[in-house]
């Protein structure tokens, strides 16, 4: 059952009011079951209590509006302060990191599609030389989109590929360089050291961590551990459309100061969208 459905069930039947204490208790359980972290749940309920400190009962509409305001406030704090399209740097180099299965390569393809549609020129560095099929996957997307992909053979030095892509962009005055990297567990020291080398050589202007909305606790653990070794500047939350529970995005927005830049909301190329707090609120509350 989704977060939206569970919220609706708080006011079963014709009940138009609910006791504040009961609402808090039930909502606490709903948020935890919806994959919201305990720290974030406690913050939400503290904010809710402050709003209604003198009340014992709440009307349905009042409770829902208060929740919407609190959740929107959390999401707004994660909104980027800069627009990638308006950053005065050429080329703008963006490196993507994250574990396997969080959608790095797909995100790069979709972002390339978005940037090209906005009149920007892009080159992609196929620096995932570890995963079988990764180079072919990003080349396929590049061919489909008409975007140059700088690549070598599997097992090649990923740092050298990233460097070559940046030099290619500088020589041709391109707008963006997007660097794909191998998915790696944040606990694997050798692979993390390799990622540090890519970042040291490429000197990206921005580094984005891709996370999976369907695995909130894992996403938070990954982001926390990555931050200790590899500073990242923004987050891309993928598979938001398949997150039935719906609460992961609030934990991610609340627990990290790094902004969320993009959301993966479907399977199509155009279904990577700029981070939009109102979109998420409407998805939950209708």
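What follows is calculated from the coordinates using simple rules that are stated; it is not laboratory data. Since the structure is predicted, the reported quantities are computational estimates derived from the model, not experimental observations. Cβ: placed from backbone, ideal geometry, glycine included. Neighbour counts: every protein chain shown.
In terms of the mean number of neighbouring beta-carbon atoms within 10 Å, the peptides 55-64, 172-181, 276-285, 28-37 order highest first as 172-181, 28-37, 276-285, 55-64. For the range 117-158, what D do you get in µm² per second when you plug the Kirkwood radius from alpha-carbon pairs into Stokes-Einstein at 10 °C and 1.306 mPa s? Result for D is 148 µm²/s.
Residues 43, 140 in ascending order of nearby Cβ atoms (within 10 Å, fewest first): 140, 43. Label zone of residue 172 (point 7 Å out along Cα→Cβ, amide N under 12 Å): in the range 97-121 this covers 121.
Fewest-first ordering of 44, 198 by other beta carbons within 10 Å of each residue's beta carbon gives 44, 198.
Here, P(r) means the percent of Cα pairs in each 5 Å bin from 0 to the largest distance; for the range 3-78 it is 3, 14, 29, 29, 17, 6, 1, 0.
In this simple spin-label approximation, residue 76 and residue 269 carry label points 7 Å from Cα along the Cα→Cβ vector, and these lie 3.6 nm apart.
Cα centroid separation, the range 233-286 to the range 67-84: 11 Å. Between residue 132 and residue 241, the FRET efficiency estimated from the beta carbon spacing at R0 = 30 angstrom works out to 0.65. Computed from Cα positions, the angle between helix 20-33 and the longest principal axis of the chain comes to roughly 30 degrees.
Relative to the longest principal axis of the Cα atoms of the chain, the long axis of helix 60-77 lies at roughly 30 degrees. The ranking of 168, 254 from fewest to most other beta carbons within 10 Å of each one's beta carbon is 168, 254. Roughly how tilted is helix 104-117, in degrees to the nearest 10 and between 0 and 90, from the longest Cα axis of the chain? For 104-117 against the chain, the angle is about 80 degrees. Restricting to Cα atoms and excluding each atom paired with itself, what does the Kirkwood estimate give for the chain in Å? Mean inverse Cα-Cα distance, inverted, gives 20.1 Å.
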